[in-house]
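The values are calculated or read from the model by the stated rules, or taken from the named source; none is laboratory data. Owing to the predicted nature of the structure, the values given are computational and were not obtained by experimental measurement. With ideal geometry, Cβ positions are generated from the backbone for all residues, glycine too; neighbour counts draw on all protein chains shown.
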């Protein structure tokens with residue numbers, strides 16, 4: 001992984017991930033052409049090729065596809081507290097820090113790990129959006145700024161609000177199904193370069209590759 005401190009405007013990305021050295025990352029993977037912005041906190045998560053984050057993004061226990069765009073201050077799978085216990089304070093599962101035991105509550109952390117967020121490909125997550133535990137975000141969807149997503153989001157739809165609700169579909173179901181079938185995000189770099197300009201015209205793109 002490469003570190004970039006205050007990258008210049010003409011700084012180019014590369015096959016190696018570009019990760020700002022102010023970000024805190026534990027046990028995570030970033031694919032080719034990825035970019036992680038300033039002051040990110042990323043725990044046990046995976047980023048597909050070409051996905052990028054802006055500043056002050058938090059990602060915990062999540063699987064994020066390729067070509068995703070994550071705006072600043074987004075929070076994916078935020079920290080949870082045990083509301084069923086007498087106290088919600090994290091001392092009950094961080095026992096060592098507070099001198100209440102020799103081991104932390106591993107069951108609680110295992111529960112967090114099993115409730116992973118799964119985000120498809122080419123998803124745009126707006127500024128300050130929150131994606132709650134266990135949610136699946138479909139490929140090609142848009143999550144509005146400030147949204148709190150508590151339920152799964154279908155592919156190629158736009159969801160916003162608190163809690164987030166379906167606002168509209170980006171394309172007809174037929175078009176969405178064809179794009180999912182084409183799966184351009186899995187194309188090798190050479191094919192993507194050859195047809196790069198064609199990504200700007202959805203109808204022509206489907207006519208050419210959707211048969």
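General remarks:
- In region 71-104, of all residues being crowded, with 16+ Cβ neighbours inside 10 Å and free of Cβ contacts under 8 Å to residues at least 40 places away in the same chain, the one that is nearest to residue 54 (Cα to Cα) corresponds to 90.
- Residue among 191, 133, 173, 178 that is out of contact with any strand residue (DSSP E or B) (no Cβ under 6 Å at 6 or more places or on another chain), surrounded by 14 or more Cβ atoms within 10 Å (Cβ to Cβ) and more than 24 Å from residue 57 (Cα to Cα): 178
- Members of region 49-95 that are more than 26 Å from residue 108 (Cβ to Cβ) and touching a helix residue (DSSP H, G or I) at 6+ places or on another chain (Cβ under 9 Å): 49, 50, 65, 66, 67
- Count - residues of region 1-25 that are part of a loop (DSSP other than H, G, I, E, B), in contact with a strand residue (DSSP E or B) (Cβ under 8 Å, 6 or more places away or on another chain) and modelled with pLDDT under 55: 3
- The one condition in (1) in contact (Cβ under 8 Å) with a residue 24 or more places away in the chain; (2) in the same structural domain as residue 211 (by TED's automatic domain parsing) that residue 177 fails to fulfil: (1)
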